[in-house]
Ligand code: UDP
C-alpha cells in the first residue's frame, strides 16, 4: 500500500540528509521508514562514498530512494581525510555545492521536493534548502538533555571549558564532568565542538525541529524546548518490530556499513541462561586506549559472567597479547561487529556495558536492558548521567586520576547489575521505559501524533 502511494506524484516528497556516519544515518532512515509507511515518498541523501559502502538497504517495502552527493572524499570517505577538521571543512565546501546541484537536478527532472530534513550537524543544508525555497526541518540525533546544554554554551550562558556545577532547565544540577566532553574539556577535537555548539546558528529558520527521543523520557527538557521551536518528538527510531510491530518488514536499521557475523552471535547467545550475558560495545567510533583495553579485557576475564564483546577491527590490535586466541570459548565471545538490536533483545543478555552513544542509549532503554555506563567522550558523559541518575536503569563506572576505569571497578559494576539489588531496580525501571517507548511510537502515541502533525503540515 505504502509502495503504491509512493509511486504517485501526489504523495509528499521528503529528502532526508543525515551526517554520513552509521549512528546519524540510523535515526533518519528509520524516521524515513515511518514517513514512507504513511504514504510519503522519501529520498536519502548521502555521500558517494557511503552510498558505495552500504551493505544493505531494505528498499523493498520501505522504499527509500538514495541520491549521492560529494563530500570531497568520494573514494575513501571520512577515514581518508587527514583529520576530522579537514573532513568537516571539505564536506561543508564541497557538499554545499553538490547538494545545491542535486536539488536543481531533481527539480529540472520534474521531481517536486516538499521538504528537506537535515541533521543538525550539517547546518549549511538549511541554507541550501531555503535558497531553493524548500521547507526545511532540523533533526537532532542526540538527546534533548545534551542539546539543552549545547544551546546554553552557544548563547554564552555557560562558559567553556566548564569547571564547576551547572544548572539548565529541566535537568538536575550537573557536575562539570557530567556535561558533554566538549563543554568541560575542549580537547583535541575543535572541529566537532564547533559542530555541536553551532547546531543552533540558523535553527530559528527551520520550519520544524525534530528530535529522536520520546516525550516521557525527557519530558521537562522537551517542554522547555517546545517554548523555543516547533518541536516534533518522533523517537525512539528503533525498527518497528522491536517496538510497536506495525511496520512488518522493519526488522533492522536497513543500512549496514560493517558486516556482522549474525548466526555465530545468535548461536552463542542461544546456549546461555536467561540474563547471564554481559554485552559490551562502544559503537562505531569510540577508541579505547591500550591501557583501558587491557583493564576491560581483564575485567571480563575475571568477572563471573558470560560476555560478548564487540572489538572493532580498528580496535583489535590494542587487545592484550593472547586475549583473542584464548577468549572464544564457553564464557566469552569476541566479535568485530554484531546486530546490536538482536543481541540486546536476546533473553540471555542481562547487562549492557556501553559507551552511551545516544543510539545505544535509546536501544538499551527501549529494549529494557540494564546498563553499566562507560562513557568515552562527546555526549556520552551526559547520557551516562541520565541512564544512572535520571532514568535509573544502571550504574556508571568510575575513572581514576589517569582517566582509566580499573578492572575491579568494572567487575563490581557488572556484579551489581547481574546479581545485585541495583540490578533488580534497574531491570524494573528498564522494563517500564520499554513499555513507554513502545507506547510513544504506537498508533496514537506521542511520537506517532507528532509525525502525523508534521505530515498534515507538509
Ligand atoms: N551497532 C551495531 N553493532 C555493533 C555496535 C553498534 O549494530 O556491533 C549499532 C548500534 O545498534 C547503534 C549504532 O551502531 O545503533 C551506534 O550508534 P551510537 O549512537 O550508540 O554510537 P556511535 O557509533 O555514534 O558512537
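Nothing in this text is a laboratory measurement; each read-out follows from the coordinates by a stated rule. Worth saying up front: this structure is predicted, and the values here are computed from it rather than measured. Cβ placement follows ideal geometry from the backbone for every residue including glycine, while neighbour counts extend to all protein chains displayed.
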With a ≥ b ≥ c from the Cα gyration tensor eigenvalues, square-rooted, and the rule rounded for a/c under 1.5, otherwise prolate when a/b > b/c and oblate otherwise, the range 147-297 is oblate
Classify the range 276-320 as rounded, prolate or oblate, taking a ≥ b ≥ c as the square roots of the eigenvalues of its Cα gyration tensor: rounded when a/c is under 1.5, otherwise prolate if a/b is larger than b/c and oblate if not. oblate
As a footprinting exposure proxy, order 127, 400, 114 by other Cβ within 10 Å, with the fewest listed first. 400, 114, 127
At a threshold of 8 angstrom on Cα-Cα distance, excluding pairs fewer than six apart, so keeping six or more, what relative contact order does the chain reach in percent? 14 percent
How far apart, in nm, are the 7 Å Cα→Cβ label points at residue 443 and residue 257? 3.7 nm
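Counting each DSSP H run of 4 or more residues in the chain as -39500 (n - 2.57), what helix-only mean residue ellipticity at 222 nm follows after dividing by all residues, to the nearest 500 deg cm²/dmol?
Details: 19 runs with 190 residues, N = 458.
-12000 deg cm²/dmol, from helical runs alone.
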Mind checking the angle between helix 407-418 and the chain's longest principal axis? C-alpha axes, 0 to 90 degrees, to the nearest 10. 80 degrees
Rounded to the nearest 10 degrees, what's the angle between the helix 22-37 long axis and the longest principal axis of the chain, both from Cα atoms, 0 to 90? 50 degrees
Once a ≥ b ≥ c are taken as the square roots of the eigenvalues of the Cα gyration tensor of the range 246-398, is the result rounded (a/c under 1.5), prolate (a/b larger than b/c) or oblate (a/b not larger than b/c)? rounded
Assuming R0 = 45 Å, can you tell me the calculated FRET efficiency for the pair residue 246 and residue 401, based on Cβ-Cβ distance, to the nearest 0.05? 0.35
Mean separation of Cα contacts under 8 Å (6+ apart) over length of the range 136-277, as relative contact order %: 23 percent
I need 92, 355, 346 ordered by Cβ neighbour count within 10 Å, fewest first. 92, 346, 355
Modelling each spin label as a point 7 Å along the Cα-to-Cβ direction, I'd like the residue 165/residue 90 distance in nm, to one decimal. 4.6 nm
May I ask you to derive the FRET efficiency for residue 453 and residue 390 from their Cβ-Cβ distance with R0 = 30 Å, giving the value to the nearest 0.05? 0.65
Over the range 75-153, calculate the relative contact order: mean separation of alpha carbon pairs under 8 Å at least 6 apart, over the residue count, as a percent. 24 percent
Would you mind computing, in nm to one decimal, how far apart the modelled labels at residue 10 and residue 53 are, each placed 7 Å from Cα along Cα→Cβ? 4.1 nm
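If you take every DSSP beta bridge fully contained in the range 108-228, what fraction is antiparallel? Give it as a percent rounded to 5. Mind dumping the intermediate values first?
Values: 1 of 10 bridges.
The antiparallel proportion sits near 10 percent.
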